[in-house]
Structure formats: C-alpha cells, structure tokens
Amino acid sequence: MDAFADSGELYTIRNQFYTNQHRKIQEYSLDQFSPENQLKVLEYKIRSAVALEEDASQLIDSGKSLFPNQEGLFQLLSAWNDLKSFGTDDLTYFDDIKLAQFELQAVLTAIYRVKFEKDVELAINILTSYIDNLNNFNELEPFLVLVQLHLATGNLQAANKVMLAFQKFPDSARDSIVYQVLESWILAIKGESDNISNVYYFYDELLSADFDNDPQGKFKLLNMLFVLTLQMKHYPEVQELLVQLKDLNITSGDFIANQITFDYLTNGGAQADELRSQLAKVDPEHQCLAEFQEKNAQFDDIVKKYQTT
Amino acid sequence: MKMLTKFESKSSRAKGVAFHPTRPWVLVSLHSSTIQLWDYRMGTLIDRFEDHEGPVRCVNFHPTQPLFVSGGDDYTIKVWSLNTRKCIFSLNGHLDYLRAVSFHHDLPWILSSSDDQTIRIWNWQNRQEIACLTGHNHYVMSAQFHPKDDLIISASLDQTVRVWDISGLRKKHSAPTSSARSFEDQLQRQQLPQQDIFGNVNAIVKYVLEGHDKGVNYATFHPTLPLIVSAGDDRLVKLWRMNATTAWEVDTCRGHTGNVLSAIFHPQQDLIISVADDKTIRVWDMNRRTPVKQFRREHDRFWLIASHPHINLFATCHDSGVMVFKLERERPAHAIFQNKLFFVNGEKQVQCYDFSRNETSLPMLSLKKIGKTWSFMRSLSYNQSDNSILVTHGEGDSGQYAYITLPKHVTGAIEPTDIRQGEGNFACFISRNRFVSFVKSSKTLLVKDTNNNTTKTIQLDSSVNDVLSGGPGRVLLVKTHAVVNYDVQQRKELAEISVNNVKYVSWSNDGQHLALLSKHTITIATKDLELVTSMHETIRIKSAAWDDSGVLLYSTLNHIKYSLLNGDHGIIKTLSNTVYITKVSQKQVYCLNRAGEVEVITIDPTEYRFKKSLVNKNFNEVLRIIKNSNLVGQNIIAYLQKKGYPEVALQFVEDPETRFDLAVECGNLQVALSEAKTLNDNGIWKKLGDEALKQGNLEIVEFVYQQIHSFDKLSFLYLCRGDSERLAKMATIAEHRRDLSSLMQNTLYSNDVKKRCQTLIQSGMLPLAYTLAKSNGLDDLAADILLEAGISEDKVVLPELGRPCELPKPVENTIEHWPLEDTTLSFFETALLTGKVENLSIEEEDPQNGAEDVTRANIDLDDPMNDDAEEEEDAWDNADDLSIPDDEFEDAEQSNEIDVFQQSAVAEGEVGYWLRNAKTAAGYAAAGAFEQTASMLNKQLGVVNFEPLRPRFLEVYQSSKLYLPGIDDLPAMKDYIRADNDEDNPNKFHPLIPGFDNLEDRLSVGFKHFKANQLPEAIKVFRDIIYTITLLTVADDEEQEKCEEILRLCREYILGLSMELARRALGPDDIKRNLELAAYFTRAGLQGPHRINALQVAMTQSFKNKNYASASYFAGEVLAASASGQRADQARKIKAKSDLISKDAIEIDFDPYAEFDICCASFTPIYKGEPSVSEALVGAKYKEQYKGQLCSITKITAIGVPASGLRLKS
C-alpha cells in the first residue's frame, strides 16, 4: 500500500511538511510510525528542524545509527544542517554534486545552488536531469522546486509544462499535496478570479488546522493569503490579514515586499521608503529591492537623456 | 413534495371536470347547469355550453373525436360537438340524476351511471341504449370502463364496488368480419349468456368488493396494474387487487376527516391522490399506503379529481371552481461542466451526457435514498476538482443539500457512500473547495468546505428569498423585486438590478451576460447587472441557454425562441412537449425532457444569426447568409424594413408588389420601374411618378405620365423643362383628343396665340377669340371672327390693349434629370454586384462611432467649502487680493499620432502580455519598459523633464507586482495584479494602474489647502494629480474625459494660485501689477466659492487703491455669484460707493469685457488674435517667446513642441 495515499500513515505528515507546519512535525515521534516509514519521518523531522533554524545534528546522529544503510542521505542532511549553522565556509558537499543520485539530493542541491550561488540555471539543470531519469511516481519534490524556480524567473510557460508532465502520472500523484501546492502556485500566477479564489480557499482551508503552537506555520499561510487577497484587490480583507500577520511578530522579506505594493495601492506609497529600508535589513537581496534599484538606474538614464535634448 | 397550481377558475360549485387528451383544455360542469371549456395554459374561458336543466354532475371528452359528453340532474346524457360547439343529441332513459358519463376508448360507446341504481351503455353512433346493468341497490356514484380490458368498475352508496365483465357485449355488438358468418361464429354467439339471473344481458358482475362501511363515492382502475382504488363516506380510501378469478382488499389509507369523494392513481408514479369534503387533497404512497402530503383549502370542499392522460397534471373540482395543478417540479436538476452535462434522470439517478460524443453514460449514482422518498432533486452543482455533486431537495424548512462524490468509474447506479448533508434550500459550489448553502428560514448563507464544515456564516437581509449561482466566488441573491450580485468572500453586494420574482438564471458562455428568468419575463443583463433588455412572454418560460455567439435561446411551455442582446426575438421551433434547454451548440440544442432524458433538437439558426449579423453590422456574414440560405418570409422583410435595410430586404423578395414598395423605399427607381411595368397599375405608376419626381428623374416621370395618360401634367413637365418641341406635340395630341381645355392650356404654355384663338372659336367663344386676336395684332383673324359673328368692328368696345404678351425663353438648355449627388452603392449593392465582400470597408458604419454619446465628464467635486462659503474667509484675509482671466484653451497643437512602439524586448509570461497589449504610457511603465514609456510621453505630451515623474513611475511599476512565497530559501515567485481579474483573454490582460479612483479625493485635499490659504501646498497637490494622470490607464472615453476635465481644473488652480503668490510677493509700490494680478486671478477657472474669493480680493484691492470702476465691476460679479450674506453686503456697499465715482485711479491692463487667456509664464493677457503657443498635457497657454521652455504649470512638459496628445484609454 502506498504510505502517502490518503489512507496511508505518511499522508498527514507529508501534508504538514509541504504546507510549512514544521512545528507539528517536530512533535511526532518515530515510534508512531511503522518501521518502513520511519526513515521518511526522520527526514521530515530533520528538515523541519532546519527550517525552524534549530540544530538538527542530534537527530541526524540518531538517524545514522538507526539507519546505517542510509549513509548518503544522512551525509546530505548533515551538510544541509551545517550549511544553516555555519554557512558555506569549508563546505564542498554540494559543490561536488553535478548529478543528483537521489530525490532529496537533487532538491537540496538545487536550493543550495540558488540560495548560495545564485545559479538558478544550474539548479534547473540538476532538477531537470534528475526528473528525466525518474521512474518513481512518489518522488515529486523536485517538480515542486523546479516549478518555483521557473515561476521565480517569471517563466510561467515552463512551469506549466512541468505541471502538464503530471498528466502522465497515475491519479494518485495528482492527489498528492505536492501537486496541489505546485498547482496552486501556477493557478495563482495564471490569474483570473476563478483560479485565484480557488487557491485562496485551498490555503484558507489549511488554515483551519490548529496553529496554536505553530506561529511560523500560521504566518506562512497568512502570508500566502495576503498575496492572494491583494491580487484579488480585496483591500479591506488585506488590511485585516495585515493586522493578523503583524500580531504574530514574525516577518519575512516577501511579506515586507508585498506590503510595499499594498501601500502603493491604498496609501499612495507613503510608507514605501520606510518599508524598503526594513526590507533591506531583513532581506537585502530581495528581488523587490533589486528591481527598485534597477528601475531607478533606468530612470536616471531617462532623466539625463531628455534633459540634454 | 410540492403542489404547483397552474390554473384556477372562480365559479359556482364545480361537480365534474375532464382534461382534453391533446389540447390544453379542461371541461368543467357546474352545479348551476353550465358547462365551461377553459384553456388552462392561457387561463382563458373558451366557451360555455348551456343546454342542461339543473346541475351537471359529470362531463368527459372523447379520446380522439371532437366530442364530449355530459350528464345532468335532468336525467339526460348530452353529446356535444367541439367543432360546432353545439349539443348534437341527447340520450334519454335514466330515471334519476346522472352521476358519471364517459366514452369507451375504442368502441362507439358511452357509459353512464345514475341515481336510478343502473349503469347503462349507449352506442352514440346509432344513439341506442345497448345495455342496462342492474345490481346496485343504491345510487351508482361512479362508473368507468377499464383502460384496456372489457371491464367496468362502479361504485355505489350501497357500500360496494363492482367490477363487471362486458366482453359478451363487445362480441355481440362488434361488426362481423364478413357478411357470411361462419358456422362457428354463429354457434359461439348463440352460446353467449343472454341473461343473468337479474335480467342483465351480456354484462355480468365479475366481483363485488365489499369493505367500505358506508357508501362508496368513487372507484377506478389502475392505468396499467390490476389494482383498484375506491373512496367512501367512511372517510377511507381503499386499495384493491384483482386477478383473473378474484379480487380482494389490499389495504386502507386512513386520514381524511370527511367523506372521501374521489380517489385516483397517479398515471406515472406509485401514488394515490384523493379528495374529500374535509377540504383536503391527500397524496398517498401506493406501495406503503402511507400519507405523503396533504394540501388544504380553507373554505372549499372537493368533489372530484381527474388526471391528465399524458402530462403530470391534475384537476379537481371544489365549491368555488376548479384548480389545475401538478405534483412536484419536472425540471431535471442539471449542471454543465465543459462538454459534459450532469443530470438527475426520471429514476432519481445521476447520469452524464457527453456533448462531444453525443452519448449518455450509464446511471452512475442513485439518489433514491437521499431525502424523503418523494422528495425531488431541485438543483445540482458539479465540482470538477473532486468529481462531486451537490444536490438540493425538499421544500421550505425541510430543504436539504447533499454533497456526494461521484464514482470514478461508471458501472451503474450505485448507492452513494460518503454523503455530506445539511440544511439548505439552495446550494452550489463557489470554488473548487468551497460551497454555499442558503437557509431560507433564517436567511443565512453558509460557506462550507469540502468536509462539510462551516467556514463562514453570513446573515443576509430578510428580503432575500432565494439564491442562485453567480459564478466563482459569487452568488445571486434573489429578492422579490431585485437580484443582487454578491461577493461571498468579501461579503459585499457588488451590483443590483430591479427585476421581479426571478426563479432561474442562465449565464452566457463567456460569463459576460446573464438571463434572469421569472414566470413570464426574461431579463438580460451584463455580469455587472446592468440591464440590457427585457421581454415578456404570455406562455410560461421554462429554461434558457446561450449559444457561442451570445444569442440567448429559451424555451417556453411550447416553443423554443431566441433573443438577441438588442431585444429582437422570435420563435425558432414549436414543441410538442416541454423541454429544458441546457446547451446550444451550432444547430444542436441539447435539452432535458420531463422524463429526465437528453433530447437533441436540431434548429435552423439562420434567422437569428442573420439578425444578429445585421444588428452588429457584420455585413459579410449578412451577405453570406443571403447568398446561401433560403431565408424568406414577410417576417424577415418587415424586420429589415424596420431596421432600415430595404435594400437588403429587396434581395429576398420575388413578389413584384413587395419588390416595388421596397424599391421605392430605398429609392431604387430602376427596380421600381421594372416592377411597375410588370404590375401596370395606375396606383403603382402614380407612386413611381411621385418618387421619380422627388428624385428629379424626369425621364421616368415623363414615362409614368405617358403611361397613365396624365397629359396635363406631362405638358406642365415639358413647360418646366422648356421643351417647346414636345409641348407642340402635346398640343397636337390634345387636338386629336378633341380636348379643348387641354389644347387651350397647351397654347398658353407655348404662347401659340393663333391656335388659342382657333380653339376659342371652336368652342364658340368668339368675343374672347376676337379680343385675343386683336390684342396680339392678328387683325386678319380678328376680322374673320367678326365676320363669323356677324358683327362689325365698331360694335366692339375693347379696353386699352397693351403689348402682346411674350413667352419667356428658357435661360438654359432643356433640363434633363435633376442633378443629384453621385450616390454610392450600399455595401450590399456593391457586394451583390461584384460578388466580393472581403475588401469592402464598413468602418463608417461602425455603430460604436455613431452611437457613442460622449457625455461630458461630470465631476462631482465634493468641496467642503461649498457648505459654508463664509468660513473660508478665515484663511483668506479679505484685505488681501487675487485676480484671474477666464480662458478657453484651444486644443493643443495636434501632431500626428505617434508611432506605436516596436517592442524589441521579447518578454514572456504576464509582462509579455502586458507589453503586447499596452496602448498607454502607463501600461509600458507597469510592464517595466521605462524607456518606451518615456519616449511615448515625450512624443505624446512633450515631456522633457522626467525627474518629477520618478515617484509615479516607481508607483505604477510596483503596484502590480507581488511576491508569492514558496519554499523557504528560494526566491519568491513573481506574481502580478491585473486590472481585471475576470478577463480571460490574454490579449486583454492589462496591469493594474492605481490612481483613477482617488483623483477626486486628492482634488478635495487640494481644495482644503486652498481654503486654508496654504497655496504652495495646494499647488503641489494639484501638480501631483497631473503627474498621476500623465501615467494612467482608464477603461473608457468617459473616464478619459473626466481625467481631461481634472487636468484642466488643476491647470487653472495652479495658474491662479501662482499668480496670487506672485501678487503677494510684490513690493508695496507696485500697485498697478498688484491690481492686474488680482484681476487676472478672477479669470482662473476656479470652482464657485473659490472664484468669489478671487473676486473679493480683486474688489477690495481695487477699492482700496481707488480703482472704483473696477471695484464696482468686481462687486457686481461677487453679487452675481452670491446674492446674500456678509460678503454680498460688503459687495453692495462697495458697489454703491464705487458707482458714485465710477473711475479708475490707476489704469491697468485688464478689460473685464474682453476674452483673453493668461500667459502662464508672464501672467499677462493673451488677447484674441495674438500669437500664442500651448503646452500639450494640460493645455496651458503661453506667449510665443516662451516656446521650447519648460511649462511652469506642469514643470515637466516643453511649451509649443509637437505632441500628439494624451492617450489614457487601454
């Protein structure tokens, strides 16, 4: 039986992982799962810990002893954990990977390439070549990363192609949370009321889960809803969400960047400069700032060009 | 279960009722002796039949012939003709009141039962009684033939129901197959029982059903099963079963509280319906003998119930008339998704029809166990994301919805497993994972997720009666007199339309229009609920669907009709059975019938396509249809004439008379002439002559006059044309015709004096002839006349004669046709002549151009100063001054339209669409193409100083950008905000450009600064508004006009305030300039109260500086603008004092009565005719020497440079 299917025991944990409910994943213990699924659970737990910026080395060590045959996996997770704790210094693990051997390696290497080396193209290559040789319909995460990379570079067409590839997969693949998340992104960016509101409800539904102990998870969902509501131009609702988000005392670059857009739309951009300086502190490399600089530079040229004529 | 009343008549007590088998008619027999024939569909009384004396208790139609039969308290049976509407004959024999009469389904027999305790059978062809069935020992209240077998059932107050076998009678009375009877046949007939022990002949009692404790009022057979139902005074309805040898009581339905007068089987469903004098109609489950439903009337006892033989209709008689009703709706619940139709069939099973394969699936799900046994599925909504349906059933407080997942593989009607249910009178999906249910009793709208959990509860207004589907995220709230488009997520009413009692809605395929259906009205509106058209139907409207081209097809009880968006409508097809249209594709109309089956009806869409093409001026299509179809008929010709296309109509017509009329109407004289020749009728010729004369076609006029021998007119025509030659001929003709009067006329025209004299002589008017001859110097002729008259010259006394009259010569050559402007052939004529349609231009006829009635943008500037004009004096010190010129700026010098930018950048995705679709500078800026934006602004408006626009550029760029967060550690995904999220055509994707909505608010802010005397701040606000509009996109001309109006206003305020600031900056010695600037300020186009400020400043400054003439003028202006209040008093005083002196101490350059503009750079007047240059964005005027400099109003544009003008419309 497929452990990921909706009656399988990994179904819930996977849904939680891919909808950023990392705190919940931390609460699981391996004993709750049957032995054949424990490795996957441990992987989720380690990655969740890293996502929550906690040290996962103890978990990794326990994993190494529990699953002595999975040396490669734990080496990868260890490198991933170290990357978060110590940065890229002295680390060569990811640099050495030219062709991914297994799913998580492809995923994390691609993320590494983008985050630390800003090499989106290479990341896409790693993922594409991994996917091309894929025979396992359960390995869906590379698709997710690939879609995000395409969409981050504004290439909706390529993202759409990736999604279409799922048509060849069995129905179960399309029931997977990974597919639903990936589809939600594409639909949102495709636009049109129907699509956006469907995506809105998808995240709104996820929000109905209990988030009392997981402000991070809640923030991520609300942040998504913030973007979608703004996209639908429902400004009073955006304002409500903004209040809720601020109450959580968590922030992110994307959140601030989207606030800038909201400020332009409802407040004539009065707070835009202040928000930009906040953004510069939180995420100095955010594309919003890069675009702002680029556009300002372009504008400088324009001012000059027409003044001289 | 619901009873839906279709018709009700008001009359005295109705005792008998019967349905016509095919037409929408009911016969009603009344206690008052009248029989009525009603059309229950139209609700009209067709006829009344009065021949009986006393009450008529029974009536029935013949199943096939145009006959009906009635029986009354006058002991007679009457047979009536529906053709002549007369009684044909009466059958006499019964000795007491008649209780029941009916025709046999096959044989020429009538069955009657009477209070004389007999049942009789009559042959209505030979009008003989053929049998008298005795046996009942009390009144026989009802008797009926079996629908197929040779049986009769009767019910009597003797407490029994009897079944009679009449097969013997049939044998006896059926005609022999041949004249020579076979021996066997004779033998068989002899062996038939001739008489039973009671003396009955050929009809024997088969069963006697005993069980009722009191008299039995009614008994009837089941239409197909061996069952009997009976109704008795013991308040019971009894069900009986029979077989070949015996009959027995099955069960009893208890519940009535009075005598049950009648009970029948439902013709299609396992139901029994009974009526009683307890004023109720009750419906029973035939299989379980349990009550299903009861309907009560307050005052009327029921007497009889009858069912329609084919349709789900029942009629019942009561104390004050009859009522026709049906049980339950018959509209199969359905929903369309892409090319599939999901519907509930007659067996309460869900089926799917594939439009692309024209194939109905097997039943996939059974809904029998959803809700109560007899509850009907009212609506169905489909959700593709989890392949599920949402159905609603039940009425009123018991309304429920059920949310069920459809099986993945269709294997037959399986029972649903995972049913999520809840309360609701309406439910539909509003997104892939949300649905709404409307609870009528509490007027709440519940938003639910796929787990059936309520995520939101919305309390609706108490006037909401129903909810209908409104597309993604929206529903339509139906009120008694309105429909509201409601956004569920925002809980916001988006739009409202006034429309009464809407029941259903049909959305067009592109979601742009919707049709709201009520019983007799269809209202078409846009998606924003703006009324497009509305039409009334006398027959009930049942359904509607849109075809791909936006034509609405709808069905009434008996027609399929169409309606165009302009309200033109017509019939496409007549229906024999009512259908519900679900989809229209080309010529196929996919319908559901009342049995819950898909019917595909092929229609001819030519007529509506033709009309639509004509309305949309798609002449190529019109022409194609003309050439390829056989569209004819008076209807279409009348339509074309009405729409002003007689020349098109001409193409359809062959009848010469119609062709002639059409040709005259469209001024085609050649066609008219040729048709007139064919018709050769005086009236026609005359019409042609009139039309030809109107057009100045003299040739045809002449021809026509010749044809109708209108010689006088012809002569006059020749006179007018100066055609003396033909005039002479006309004289000759007149001579030949011996028409002296005409000849006389002609000689007058040609001034042929001699001939005129001869004419006068001929007619014996010698004195006149003599006078004429003499006065024209024809002395010889005069002498001859005298001779003939036998009078000598001296006897004649003539007045003094002047010079002979001369005929004027034509100035020009003989005129031919009246010169007409060269006509161009109409589109159709050209196309029909050349056969080419492709290259013909129809742009001139574009309805948009002509129809657009561009109203001036009406800016409602909410100016707080309007409320209290006095207050503003606080900030505006009276002692200070202002001034203005009123100006009407000419349009900026227009240069050619700037080139459309060639996009070198190959952008993909959303930004790619935006760039490809961009038509405005703002569109390019939002897409990030700043260089193109700048170039466009430079060419359109002469923008050269871009720095002030930097914030607006960045605002426009950033306002449509979003960052969709995904996996941590990866950059966010680029997301965008579109101007219109409802748009699904990528060629119409545009970015959201903010700014238009709050322009007025910002103007108000500017006015507030003005009021507070914060002039530099006010100028900054107005200038920022200009920058916003510089980079803005608007939806239509009206919005563009509004922007232009605001630009004009900003210009005037900036100019006025700049002058005022300049005035305030002057030294105390510069009085002349001070007075001038104050005067000019009054000429800035400020809003009312603000202008008074300016006038007041000018007035006080002038007065203070002894310019009394000017002061008087400004005071007069103040009074004209505001006749009362403190300011007016002051103005009056100043005016009175100034008028005493009425002189200016200092001469200034200001003529209050001259029109002038003000140079925005020098603040001096530019009088009419003086050279000036303009700026392109706001239209500011400058003296010529400022050409090329930066505009002081906008601070961004160059003065007097070539510019094509502002373009804001996307």
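The values are calculated or read from the model by the stated rules, or taken from the named source; none is laboratory data. Here the structure is a predicted model, which means the values were calculated and not measured. Ideal geometry is used to build each Cβ from the backbone, glycine not excepted, and the neighbour counts take in all protein chains shown. In case anyone asks, the SASA skips ligands and DNA or RNA and just uses the protein heavy atoms, side chains included. Shrake-Rupley method; radii C 1.70, N 1.55, O 1.52, S 1.80 Å.
With the condition being open to solvent by 80 Å² or more (accessible area, probe 1.4 Å), I'd like the helices (runs of 4 or more DSSP H) fully within the stretch B:666-743 carrying at least 3 qualifying residues. Can you show your working first?
Details: elements: B:669-679, B:682-695, B:698-707, B:711-721, B:724-736.
Filter on the stretch B:666-743 gives B:669-679, B:682-695, B:711-721, B:724-736.
Scanning the stretch A:212-224 for residues that are open to solvent by less than 10 Å² (accessible area, probe 1.4 Å), in a helix (DSSP H, G or I) and away from chain B (no Cβ under 11 Å) yields a single hit, A:217. One residue stands out in the stretch A:281-307 among those that are in a loop (DSSP other than H, G, I, E, B) and open to solvent by 60 Å² or more (accessible area, probe 1.4 Å): the one that is nearest to the other protein chains (Cβ to nearest Cβ), namely A:285.
Applying a threshold of 6 Å to beta carbon distances and a minimum spacing of six or more residues, or different chains, the list of pairs starting in the stretch A:114-128 at a residue that is farther than 20 Å from residue A:102 by Cα and ending at one that is exposed (fewer than 15 other Cβ atoms within 10 Å of the Cβ) and of a type outside the set (Lys, Arg) reads A:116/A:88. Residues in the stretch B:376-392 that are on the phi < 0 side of the Ramachandran plot and open to solvent by 10 Å² or more (accessible area, probe 1.4 Å): B:376, B:378, B:379, B:380, B:381, B:382, B:384, B:385, B:386. Taken over the stretch A:241-280, residues that are open to solvent by 20 Å² or more (accessible area, probe 1.4 Å), facing another protein chain (nearest Cβ under 7 Å) and β-branched (Val, Ile, Thr) amount to 0.
If the condition is being touching a residue at least 60 places away in the same chain (Cβ under 8 Å), surrounded by fewer than 23 Cβ atoms within 10 Å (Cβ to Cβ) and in a strand (DSSP E or B), then the stretch B:343-357 contributes only B:349. Residue pairs whose Cβ atoms lie under 8 Å apart, sitting 6 or more positions apart in sequence or on different chains, and linking a residue in the stretch B:1118-1140 that is farther than 18 Å from residue B:1101 by Cβ to a partner that is of a type in the set (Ser, Thr, Tyr), are B:1128/B:1122; B:1140/B:1108. Name every residue in the stretch B:938-981 that is among the β-branched types (Val, Ile, Thr) and within 7 Å of chain A (Cβ to nearest Cβ), in order of residue number. B:944, B:967, B:977 - these are the residues of the stretch B:938-981 that are among the β-branched types (Val, Ile, Thr) and within 7 Å of chain A (Cβ to nearest Cβ).
Screening the candidates A:152, A:165 for the property of being within 26 Å of residue A:104 (Cα to Cα) and facing chain B (nearest Cβ under 10 Å) yields one hit, A:152. Residues in the stretch B:99-112 that are under 15 Å from residue B:148 (Cα atoms) and open to solvent by 10 Å² or more (accessible area, probe 1.4 Å): 6 in all. One residue alone among B:96, B:149 is farther than 22 Å from residue B:264 by Cα and surrounded by fewer than 17 Cβ atoms within 10 Å (Cβ to Cβ), and that residue is B:96. Inspection of the stretch A:53-62 finds no residue satisfying the criterion of being in contact with a helix residue (DSSP H, G or I) (Cβ under 6 Å, 6 or more places away or on another chain), modelled with pLDDT under 85 and within 14 Å of chain B (Cβ to nearest Cβ). If residue A:74 satisfies every condition in (1) within 14 Å of chain B (Cβ to nearest Cβ); (2) assigned to a helix (DSSP H, G or I); (3) touching a helix residue (DSSP H, G or I) at 6+ places or on another chain (Cβ under 8 Å) but one, which is the exception? If we test residue A:74 against (1) within 14 Å of chain B (Cβ to nearest Cβ); (2) assigned to a helix (DSSP H, G or I); (3) touching a helix residue (DSSP H, G or I) at 6+ places or on another chain (Cβ under 8 Å), just (1) comes out false.
The set of residues in the stretch B:1141-1177 that are at positive phi and touching a residue at least 60 places away in the same chain (Cβ under 8 Å) contains only B:1163.
Of A:238, A:181, A:227, all but one fail to be more than 10 Å from every other protein chain (Cβ to nearest Cβ) and not polar (S, T, N, Q); the exception is A:238. Looking across the stretch B:478-496, the residues that are assigned to a strand (DSSP E or B), open to solvent by less than 40 Å² (accessible area, probe 1.4 Å) and either closer than 25 Å to residue A:192 by Cα or among the small types (Gly, Ala, Ser) (or both) come down to B:482, B:483, B:484, B:485, B:486, B:487, B:495. Pairs are defined by a Cβ separation below 7 Å, a sequence spacing of at least 6 or placement on different chains, a first member in the stretch B:772-794 that is more than 18 Å from residue B:747 (Cβ to Cβ), and a second member that is among the hydrophobic types (A, V, I, L, M, F, W, C) and open to solvent by 30 Å² or more (accessible area, probe 1.4 Å); the pairs so defined are B:788/B:766; B:789/B:766. Against the list (1) open to solvent by less than 10 Å² (accessible area, probe 1.4 Å); (2) modelled with pLDDT of 85 or more; (3) more than 12 Å from chain B (Cβ to nearest Cβ), the condition residue A:173 fails is (2). Of all residues in the stretch B:904-937, those that are at the interface with chain A (Cβ under 8 Å from one of its Cβ atoms), at negative phi, part of a helix (DSSP H, G or I) and open to solvent by 10 Å² or more (accessible area, probe 1.4 Å) total 3. Among the residues of the stretch B:744-753, just one is modelled with pLDDT under 85 and either in contact with a Cys (Cβ under 8 Å, 6 or more places away or on another chain) or open to solvent by 80 Å² or more (accessible area, probe 1.4 Å) (or both), namely B:751.
For residue A:122, the requirement of being modelled with pLDDT of 85 or more, touching a helix residue (DSSP H, G or I) at 6+ places or on another chain (Cβ under 6 Å) and within 12 Å of another protein chain (Cβ to nearest Cβ) is not met. With respect to the stated conditions, residue A:190 is open to solvent by 10 Å² or more (accessible area, probe 1.4 Å), within 10 Å of another protein chain (Cβ to nearest Cβ) and either over 25 Å from residue A:251 (Cα atoms) or among the aromatic types (Phe, Trp, Tyr) (or both).
May I ask you to verify whether residue B:438 is among the aromatic types (Phe, Trp, Tyr), open to solvent by 10 Å² or more (accessible area, probe 1.4 Å) and more than 14 Å from chain A (Cβ to nearest Cβ)? Before the answer, list the steps.
Values: among the aromatic types (Phe, Trp, Tyr): yes; open to solvent by 10 Å² or more (accessible area, probe 1.4 Å): no; more than 14 Å from chain A (Cβ to nearest Cβ): yes.
So residue B:438 fails the test.
Looking across the stretch B:786-804, the residues that are out of contact with any Asp or Glu (no Cβ under 9 Å at 6 or more places or on another chain) and surrounded by 10 or more Cβ atoms within 10 Å (Cβ to Cβ) come down to B:787, B:788, B:789, B:791, B:793, B:796, B:798, B:801, B:804.
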